[in-house]
Amino acid sequence: MNFATSLLIAIGLAMDAFAVSIGAGTGGLVKDLRSKLRLAFHFGLFQAGMAALGWLAGSTIQRWIISVDHWVAFGLLAYVGVNMIRSGLGKGDEDNRRNPSKGATMVMLSFATSIDALAVGLSLAMLSLPIIAPAVIIGLVTFGLSIFGLLAGGKLGEKFGKRMEIVGGLILIGIGLRVLIGDLFL
């Protein structure tokens, strides 16, 4: 696979992580550079890792994963999105708001945005294509777009306040619905 093809695949895969990064940035909980780098790193790591895992698994587990992957992604994104909306509406305790760059929330978001990379890895394995270079490109592109999304989301959050947290939550739910509808009906 040539570099241009790998880059286009990487950009397509990174769009969910980019959108989630904008949403996470608007919430104002990912403030410092270290937190931004941590979240973007994990998004990139999960994207590259899931592509490699999909490639390693080949077609052996595809029949089990393909029937539920869209439900898992939707559930995780909707859960985090609803919590962001509740927080933006003031229904959540300010002290209990979860920083999406830490702990279980970070892992859930990283996993939910990288499930499609697993399918790409499976596809590459079925086509007998190598995975190392595409996985590295996928990880780096996802990292870069995630950093950009976090920075842009932070600026939007500063300008529009808690309303952007609601928008961020709606974006996460929308991404989950897109994944669900796309897999169920398209």
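Just so you know, all these numbers are worked out from the coordinates, no wet-lab data involved. Bear in mind that the values here come from a model prediction, so they are computed numbers and not experimental data. Quick reminder, even Gly has a Cβ in these numbers, built from the backbone with ideal geometry, and neighbours come from all protein chains shown.
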(message) Multiplying the sequence separation of L45 and W71 by 0.36 nm and subtracting their Cα-Cα distance, what value in nm do you get?
(response) 7.2 nm
(message) Based on Cα coordinates alone, diagonalise the gyration tensor for the chain, multiply each eigenvalue by 5, take square roots, and list the semi-axes in whole Å, largest first.
(response) 29, 18, 12
(request) Classify the range 81-151 as rounded, prolate or oblate, taking a ≥ b ≥ c as the square roots of the eigenvalues of its Cα gyration tensor: rounded when a/c is under 1.5, otherwise prolate if a/b is larger than b/c and oblate if not. (result) prolate
(request) Evaluate the relative contact order of the range 3-185 (contact order divided by residue number), counting alpha-carbon pairs under 8 angstrom at least 6 apart; express in whole percent. (result) 50
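Add +1 for every Lys or Arg and -1 for every Asp or Glu among the other residues with Cβ under 15 Å from the Cβ of L53, and state the total.
Net charge around L53: -2.
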(request) Give me the distance in nm between label points sitting 7 Å out from Cα along the Cα-to-Cβ direction at M15 and L177, one decimal. (result) 1.7
(message) Give me the one-decimal nm value for the distance between modelled label points at Y79 and L170, 7 Å along each residue's Cα-to-Cβ direction.
(response) 2.4
(request) Compute the distance in nm between two label points, each set 7 Å from the Cα along the Cα-to-Cβ direction, one at L56 and one at V136. (result) 1.8
(request) Excluding I115 itself, calculate the net charge of residues whose Cβ lies under 15 Å from the Cβ of I115, where each Lys or Arg counts +1 and each Asp or Glu counts -1. (result) -3
(request) Starting from the Cα-Cα distance between L8 and L89, subtract it from 0.36 nm times their residue separation and give me the gain in nm to one decimal. (result) 25.4 nm
(message) Mean-square fluctuation check for the chain, GNM, Cα pairs under 10 Å: which of V107, V30, V20 is largest?
(response) V107
(request) Could you give the size of the charge dipole of the chain about its Cα centre, using +1 on the Cβ of each K and R and -1 on the Cβ of each D and E, expressed in debye and rounded to the nearest 20? (result) 420
(request) Specify the residue with the greatest mean-square fluctuation among L127, L156, L56, computed from a Gaussian network of the chain linking alpha-carbon atoms under 10 Å apart. (result) L127
(message) Within the range 3-185, how many Lys pairs that are eight or more residues apart, or on different chains, come under 21 Å at the alpha-carbon?
(response) 11
(request) Please give the length that would be gained between K162 and K31 if that part of the chain were fully extended, namely 0.36 nm times their separation in residues minus their C-alpha to C-alpha distance (nm, one decimal). (result) 45.7 nm
